[in-house]
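The values are calculated or read from the model by the stated rules, or taken from the named source; none is laboratory data. Only a predicted model underlies this, so the values are computations on that prediction, with no experimental measurement involved. With ideal geometry, Cβ positions are generated from the backbone for all residues, glycine too; neighbour counts draw on all protein chains shown.
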Amino acid sequence: MSDDAAATPKKRGGKMKKIIFFVILPLILIGGGVGAGVYASGKLASHASGPVLDPNRPMLVLKEGEKGPTDLAPGQQPNPAIYKSTYVPMDQAFTSNLRDTDGYLQLGVGVSTFYDQKVTDHLKDNEMAVRSAVLEVLAQQSAEALNTPQGKAALRQQLKVAINNVLVKREGFGGVDDVYFTSFIIQ
């Protein structure tokens, strides 16, 4: 009888060891492996330290005494209250025939940006492509539309899109926030 009593506790201890060895230990090892894999892939590190910024990307210029991010997510518009505008005149006027008329348009243009000198440099480096895009937009205009404030506002928006498209295609970043007319003659 005493032999049976002594054998029973060994069986219970053996079952517990088997449970630990075959169930709990593998779960711990699998969990540790998953955690190590997530950490190694950078999923946790990127959330902790924030996004990695491209050092060649133009940065927003804050007004004196203002605080804010110097880079925004794509599609976000900079707040004009905290960012400084830089105005860049295009050196030569644009002259284009108007659509479906004998008239023409002569236009002086300047742009503004809230970004640093890199956008200005990109504009100068790609001046020929920007001028071509602006002339393509101007050739699509009609005199009737341009004689209205809404037509002029629409033209400014079309020019902004065209200039930014050229810069994005050639430099990877647009950065032009607005287009202004420095002269406007329709004949």
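Exactly one residue among TYR83, TYR115 is at pLDDT 85 or above and touching a Phe, Trp or Tyr at 6+ places or on another chain (Cβ under 6 Å), and that residue is TYR83.
Each residue in region 49-69 was checked for being modelled with pLDDT of 85 or more and over 19 Å from ASN164 (Cα atoms), and 8 pass.
Given the condition modelled with pLDDT of 70 or more, under 30 Å from THR120 (Cβ atoms) and surrounded by 10 or more Cβ atoms within 10 Å (Cβ to Cβ), answer yes or no: does some residue in region 17-27 qualify? No. Applying the criterion of being more than 25 Å from the chain's Cα centre (by Cα) and crowded, with 17+ Cβ neighbours inside 10 Å to the residues of region 110-159, the residue that is farthest from PRO58 (Cα to Cα) is ALA143.
Applying the set (1) more than 21 Å from LEU60 (Cβ to Cβ); (2) in contact with a helix residue (DSSP H, G or I) (Cβ under 7 Å, 6 or more places away or on another chain); (3) hydrophobic (A, V, I, L, M, F, W, C); (4) surrounded by fewer than 20 Cβ atoms within 10 Å (Cβ to Cβ) to ALA93 leaves exactly one unmet item: (2).
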